[in-house]
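Note sheet for the following structure.
Just so it is clear, none of the values below were taken in a lab; they were calculated from the coordinates. Everything numeric in this text was worked out from a predicted model, so none of it was measured. Quick reminder, even Gly has a Cβ in these numbers, built from the backbone with ideal geometry, and neighbours come from all protein chains shown.
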2 protein chains.
Amino acid sequence: MLRTNTCGELRIEDVSKEVTLCGWVQKSRDLGGMTFIDLRDRYGLTQLVFNLDWDSNLCKQARALGREFVLQITGTVIERENKNKNTPSGDIEIKVSVLTILNSSLTPPFTIEDDTDGGDELRMKYRYLDLRRAMVRKNLELRHRIAIETRNYLDKLNFIEVETPVLIKSTPEGARDFVVPSRMNKNQFYALPQSPQTFKQLLMVSGFDRYYQIVKCFRDEDLRADRQPEFTQIDCEMSFVEQEDILNTFEGLLVYLFKTVKNIDIPKIPRMSYAQAMKHYGNDKPDTRFEMKLIDLNSVCKGKNFNLFNEAELIIGLCATGAAEYTRKQLDELTEWVKRPQIGASGLVYVRYQNDGTLKSSVDKFYSEEDLKKWAEVCDAKKGDLILVLAGNKHEIRKAASELRLELGNRLGLRDKNKFSCLWVVDFPLIEWNEGDPNVLASLSGRWHAKHHPFTSPKKEDLYIINSMISEIREEIIADRPMNYKVQIPRAMAYDIVVNGVEIGGGSIRIHNKDLQGKMFEILGFSKEEAQKQFGFLMNAFEFGAPPHGGIALGFDRLCSMFGGADSIRDFIAFPKNNSGRDVMIDAPSEISAEQLDELEIELKKQP
Amino acid sequence: MLRTNTCGELRIEDVSKEVTLCGWVQKSRDLGGMTFIDLRDRYGLTQLVFNLDWDSNLCKQARALGREFVLQITGTVIERENKNKNTPSGDIEIKVSVLTILNSSLTPPFTIEDDTDGGDELRMKYRYLDLRRAMVRKNLELRHRIAIETRNYLDKLNFIEVETPVLIKSTPEGARDFVVPSRMNKNQFYALPQSPQTFKQLLMVSGFDRYYQIVKCFRDEDLRADRQPEFTQIDCEMSFVEQEDILNTFEGLLVYLFKTVKNIDIPKIPRMSYAQAMKHYGNDKPDTRFEMKLIDLNSVCKGKNFNLFNEAELIIGLCATGAAEYTRKQLDELTEWVKRPQIGASGLVYVRYQNDGTLKSSVDKFYSEEDLKKWAEVCDAKKGDLILVLAGNKHEIRKAASELRLELGNRLGLRDKNKFSCLWVVDFPLIEWNEGDPNVLASLSGRWHAKHHPFTSPKKEDLYIINSMISEIREEIIADRPMNYKVQIPRAMAYDIVVNGVEIGGGSIRIHNKDLQGKMFEILGFSKEEAQKQFGFLMNAFEFGAPPHGGIALGFDRLCSMFGGADSIRDFIAFPKNNSGRDVMIDAPSEISAEQLDELEIELKKQP
């Protein structure tokens, strides 16, 4: 080794030892005849000291060193006069006797500090320098720790990690696949997996009974903020279990990770149905760090002269605790906020429940104080609270109310990054109508779409809905757009784990019966031939003794950023891509040679 | 859970417990009024017993069960009358009271036994059934165990696992890349990594100092036997180290794995130079489980009337201990064996050192017994040994002698799968002349090629050769084919780890200096523009304080098969591809839709 110690480990007990360190020049200061250099490596900072009186040549050499030069130094550990209590190695410094420059450095394009002066784009172009910053490095160390502890937990429970293939078959029923032309099988393509779904189910058919994998997955989406074309999942599957077994096993994983990684004890995680989540939070991933539920005010708001409310399908109240003192300016601003197209409300009604017990609203013209008292009662509002009311179509207004709720949570400081609230959302709808989604092929719109995926099992008590849908499909009496299928969509044995309003993962009990799987494909609009062509191997596997099974996948990037208390996943990925799917550091994707295209027997489409 | 216990854990101590098990019907036997079923899961086998007298309906139901049906049973653990000492659960059986068929099964296309009647192709098509066989399952369990222990070892040494991207940039200087058309960046392609080489070097520039990753890599090769288009590496890199530090660290990993996984103590691993390996074994990955070195017989064979030897560049002797009694028939057969085109020798001379001390050869016409004595001396042959002699051009005849040596090793039982001999081969040539390799683009032939990869550092003492090559390239005086460049090829700080004649991994100290890296690209025939376009990011990174670094990558599939005592890697991969790169189970690669091609703006080349 070129060093005896790291820059993070020397302490007062090491004084008078001769050591050799390697690292980068973090900063350097000349004070009179002395030169001090902070030498940095992954483990910390150690101060080097040079003195013109001790060795003038060496000291002059030290003075010529620039930021980020790579050094190897040998010297003696001495006690510091001015100890730095903020650094673990702050009690000592190294009196350097030998200095070797291992490499020089140009001046970096931004400062290598937590609080850097580099903008996002510059940092990404020079990601190898950005990764030198302690905060980014710590994020990746956290990621490593979570991965190790996840494996420890699952290994102890007899889960076996099995690598599933990356070059698989295109099954574009969900999001778009990335495809890979095959040179050896002309005109054919592999696809990169959106998840190892079918393989983990086959492993269950094989009897592996407890599988996991921390695995890269791929989705060719139009990237929204904080989505990556390649992302990592903790992917798991179990046999001979029921939904509660899976929930308990992975609740156990979260409890274990919170404890070992963050030393936080989290309580038993509550379960909430999708229907309840939508009703109370307008959202299938509610942030339960704070209450402020959506209150149905239809019964107390309708029947007066206020047409906006009378005509609305749903009137929703939110009670912002202690916010009665919001100024008119603040309320106007909130009103503008909900009217933005992203939120889409037509307006915002407020009721101040003032400290003197009176109620003051923006609709005093239509509602008496007696009326408003009733609102306050239904909302469980107290003196000093502010009630905000939205009205409109059920679906849209719930969404708007959910956004307003989260915004109020932010403004009222109810969304503390150091507080964690976990929730299981269960009983998701099995299917949803695809109106046309920019992330799936256009040919798939105007069809039922699996909410989770096509292998998810319906709830037993809703199987009758599946059967009646199938009868109607076979009798061809379903209309073009059966959105409100008898107002009932079958529910699935599907669940999401939500932490602080972020979906960390989800899963389901799978279908393990060929006939039921066939019916699902039928509802999803696959012809028998298509189903056989794309998923024949799975349907065949179900003929040979498939066990009852189910599983879950956790978004590993998201899990890490949640543990790191960050909003963005990008700084928890060593080499992320930007919103156009580009790696700006290596400049990929890029053109390939005509020779490569020729060998693959593909051509770029002529631009018109 | 649908079970209280697994099929592998019940013992005599559990007698009289009521248990519920789930599993597959392995086999079933009717004996008089009794029916016995072996129920199988991942953990073992447990015998179920039914009796017409106890419950005739239940017993009849049991008799109707087919192989591979999935059952859930509840019953009482009882002591077996005829204990089966070959099964851990062989002391007990379950008197079943409740039987639930969780799923039925068609008759599998082959038997689910270690010694199956299924051929390779059938097993791959029904891989999910093949994986039910205990021996295949154990291979994957071994793989999981090796991965876990590898991570434990490296984690303790402060290595951090960092995930590098899978969608990267095509740099087809080595083997062919798989490419991925980008929909969002028209006419551009990602490539799948052949290794995370440049990323791990960038991580060193970032100061991560000890990196590892168990990672999928991809190579679009014409598949030889036992190669896979996607394969897994244990990929590692270290900073502030010299070659010996890396060798010792990963020797430590092997020692640790052999101990924890196989409970074998392996001795200190010797180092051998590439030149020595080629001289003594004719092979850069010698099987050192047995000696039988290649002996240079030029000094004792030349100068007689045997023209074949006189004209040969090199005469090689192999001493097969105790093989003097090989019959004429065996020797004729060996002669035919070396004359096969794969081996390519023109013939084989033998000398029997008979037990009575006389020597008998196939070239008695040309060589006296006195001459042959000298051969025997040089070969260190003893009475009872057989000397086999090959002659020809140095390069070809060493290769042939190496093959013959391995074949003799097999025939003499010297290659025991339960014995392990490890070796570091060091000082590999830095470059080699590319004559035209089916696995690289045709446009790259007739150039120097990096033997390890373009980032490998030359040995310090051979830098002068690099410099004189560069001068000559710049003066354009190097001829078209400088194969015998002053008979000297610069040596690299590159090393392979070889176990039982199989290369398990290799690595090198890397270049960390931009100028030297530029020279390497120049020798490899890159123009400045090409080098900048493909590797500019790395060259730029070297400007900002790159530390001295080096690393290694171990072939994980190969490592697992070696630990499993198998020749083929295929049964250590859950879902392998065949020799045409196809997954015959899912039938991939496959055609994709016109809509997908359109979106990617590519076209299949019209077939003429």
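Please give, to one decimal in nm, the separation of the simple spin-label points placed at A:ASP30 and B:ASN185, each 7 Å out from Cα toward the Cβ.
A separation of 4.5 nm, rounded to one decimal place.
For the pair B:PHE366/B:GLU149, report the inter-label distance in nm, with labels modelled 7 Å from Cα in the Cβ direction.
Distance between the two pseudo-spin positions: 5.2 nm.
In peptide B:532-539, what is the residue-averaged number of other protein chain Cβ atoms found within 10 Å of each Cβ?
Numbers: counts 0, 3, 3, 1, 2, 10, 3, 0.
Across the residues of B:532-539, the mean count of other-chain Cβ atoms within 10 Å is 3.
Share of antiparallel DSSP beta bridges in the range B:12-103, in percent to the nearest 5? Mind dumping the intermediate values first?
On the way: 32 of 35 bridges.
Beta bridges within the range B:12-103, antiparallel portion: roughly 90 percent.
Work out the mean other chain Cβ neighbour count within 10 Å for the residues of A:435-447 and drop it here as an integer.
Mean partner shielding for this stretch: 1.
Compute the normalised compactness of the range B:214-335: alpha-carbon radius of gyration over 2.2 N^0.38 Å, N being the residue count. Numbers along the way, then the final one.
On the way: Rg = 21.4 Å, N = 122, 2.2 N^0.38 = 13.7 Å.
It is 1.56.
Give the average, rounded to an integer, of partner chain Cβ atoms located within 10 angstrom of each Cβ in B:156-166.
6
Got a sec? Charge dipole of the protein assembly as shown, +1 on Cβ for Lys and Arg, -1 for Asp and Glu; which of B:PHE366, A:ALA450, B:ILE234 is way out at the positive end?
Projecting each Cα onto the dipole axis, the largest value belongs to B:ILE234.
For a protection proxy built on the mean count of beta-carbon atoms within 10 angstrom, sort B:550-558, B:587-595 highest first, please. Display every interim value, and only then the final one.
On the way: B:550-558: 23.4, B:587-595: 17.6.
Descending packing order for the listed peptides: B:550-558, B:587-595.
With 26 Å as the limit, write out which pairs from A:LYS156/B:LYS95; B:LYS259/B:LYS451; A:LYS125/B:LYS533; A:LYS285/A:LYS533; A:LYS304/A:LYS394 have Cα-Cα distances beyond it, or answer none. Walk me through the intermediate numbers first.
On the way: A:LYS156/B:LYS95 31 Å; B:LYS259/B:LYS451 33 Å; A:LYS125/B:LYS533 15 Å; A:LYS285/A:LYS533 35 Å; A:LYS304/A:LYS394 20 Å.
Among A:LYS156/B:LYS95; B:LYS259/B:LYS451; A:LYS125/B:LYS533; A:LYS285/A:LYS533; A:LYS304/A:LYS394, the Cα-Cα distance tops 26 Å for A:LYS156/B:LYS95; B:LYS259/B:LYS451; A:LYS285/A:LYS533.
Please report A:LEU294, B:LEU597 as a ranked list, fewest other C-beta atoms within 10 angstrom at the top and most at the bottom. It would help to have the intermediate numbers written out before the result.
Values: A:LEU294 23, B:LEU597 18.
Listing A:LEU294, B:LEU597 from fewest to most nearby Cβ atoms yields B:LEU597, A:LEU294.
How much of the DSSP bridge set in chain A is antiparallel, in percent, rounded to the nearest 5? If you can, show how the numbers build up before the last one.
Values: 92 of 100 bridges.
Of those bridges, close to 90 percent are antiparallel.
With the Cα gyration tensor of the range B:12-103 giving a ≥ b ≥ c as the square roots of its eigenvalues, does the rule (a/c under 1.5 for rounded; else a/b larger than b/c for prolate; else oblate) give rounded, prolate or oblate? Intermediate results must be reported in sequence, preceding the final value.
Details: a/c = 1.40, a/b = 1.18, b/c = 1.19.
It comes out rounded by the Cα gyration axes.
Show log10 I(q)/I(0) for the range B:290-415 at q = 0.15, 0.17, 0.20 Å⁻¹, two decimals, from a solvent-free Debye sum over equal Cα scatterers.
For the requested q values the scattering log ratios are -0.61, -0.81, -1.16.
Shortest first, in nm, what separates the label point of A:ASN185 from those of the same position in the other copies (7 Å along Cα→Cβ)?
2.7
Measuring from label point to label point, each 7 Å out along Cα→Cβ, what is the B:ASN248 to A:ASN355 span in nm?
Here the answer is 7.2 nm between the modelled labels.
Using the Cα centre of chain A as the reference point, and only Cβ charges (+1 on K/R, -1 on D/E), how large is the resulting charge dipole? Debye, rounded to the nearest 20. If you can, show how the numbers build up before the last one.
Working: 83 positive and 91 negative charges, 164 e Å.
Dipole magnitude for chain A comes out near 780 debye.
Quick check: from the Cα gyration tensor, does chain B come out rounded (a/c under 1.5), prolate or oblate? List each step's numbers first, then the result.
Values: a/c = 2.17, a/b = 1.36, b/c = 1.60.
Oblate, because a/c is 1.5 or more while a/b does not exceed b/c.
Could you grab the relative contact order for chain A? Cα pairs under 8 Å, six or more apart, rounded to a whole percent. Before the final figure, lay out each step's value.
On the way: 1118 pairs, mean separation 79.9, N = 608.
Normalised by residue count, the contact order of chain A is 13 percent.
Which FRET efficiency value, to the nearest 0.05, is calculated for B:ARG63 and A:GLN276 with the Förster distance at 45 angstrom and r the Cβ-Cβ distance? Write out the running numbers ahead of the final one.
Working: r = 49 Å, r/R0 = 1.08.
That pair, B:ARG63 with A:GLN276, gives E of 0.40.
Would you calculate a helix-derived [θ] at 222 nm for the protein assembly as shown, using -39,500 (n - 2.57) for each DSSP H run of n ≥ 4 and dividing by the full residue count, to the nearest 500? Let's see the in-between values first.
Values: 34 runs with 358 residues, N = 1216.
Taking each H run of at least 4 residues, the total per residue is -9000 deg cm²/dmol.
List, shortest first and in nm to one decimal, how far the label point of A:GLU601 (7 Å from Cα along Cα→Cβ) is from its counterparts in the other copies.
2.5
What is the extension gain from B:ASP567 to B:LYS382, computed as 0.36 nm multiplied by their sequence separation minus the C-alpha to C-alpha distance, in nm to one decimal? Before the final figure, lay out each step's value.
On the way: separation 185, 0.36 × 185 = 66.60 nm, distance 3.30 nm.
Gain in length upon complete extension: 63.3 nm.
Starting with the fewest neighbours, write out B:PHE189, B:PHE526 ranked by other beta-carbon atoms found within 10 Å of each beta-carbon. The partial results should precede the final answer.
Working: B:PHE189 27, B:PHE526 19.
The most exposed by this proxy come first: B:PHE526, B:PHE189.
Given charges of +1 on the Cβ of Lys and Arg and -1 on the Cβ of Asp and Glu, with all other atoms neutral, how large is the dipole of the protein assembly as shown about its Cα centre, in debye to the nearest 20? Before the final figure, lay out each step's value.
Working: 166 positive and 182 negative charges, 204 e Å.
Here the protein assembly as shown has a charge dipole of around 980 debye.
How far, in nm to one decimal, is A:SER445 from itself in the other copies if the label point is set 7 angstrom along Cα toward Cβ? Shortest first, please.
A:SER445 label point versus its equivalents elsewhere: 5.1 nm.
Of B:LEU314, B:VAL215, B:PRO490, which is farthest on the positive side of the dipole of the protein assembly as shown, counting Cα position, with +1 on Lys and Arg Cβ, -1 on Asp and Glu Cβ, and the Cα centre as origin?
B:VAL215
If you average the alpha carbon positions of the range A:168-239 and of the range B:375-449, how far apart do those two centres end up, in angstrom?
The range A:168-239 and the range B:375-449 have Cα centres spaced 42 Å from each other.
With only Lys, Arg, Asp and Glu charged, each at its Cβ (+1 for the first two, -1 for the last two), find how big the charge dipole of the range B:290-415 is about the Cα centre; round to the nearest 20 debye. Can you show the working numbers first?
Values: 20 positive and 19 negative charges, 35 e Å.
So the magnitude is around 160 debye.
Would you please give the residues with an amide H less than 5 Å from that of B:THR456, counting only those at least 5 places away or on a separate chain, with H modeled from the backbone geometry?
B:ILE511
Please work out the ratio of the alpha-carbon Rg of the protein assembly as shown to 2.2 N^0.38 Å and round it to two decimals.
On the way: Rg = 35.5 Å, N = 1216, 2.2 N^0.38 = 32.7 Å.
My calculation over the Cα atoms of the protein assembly as shown gives 1.09.
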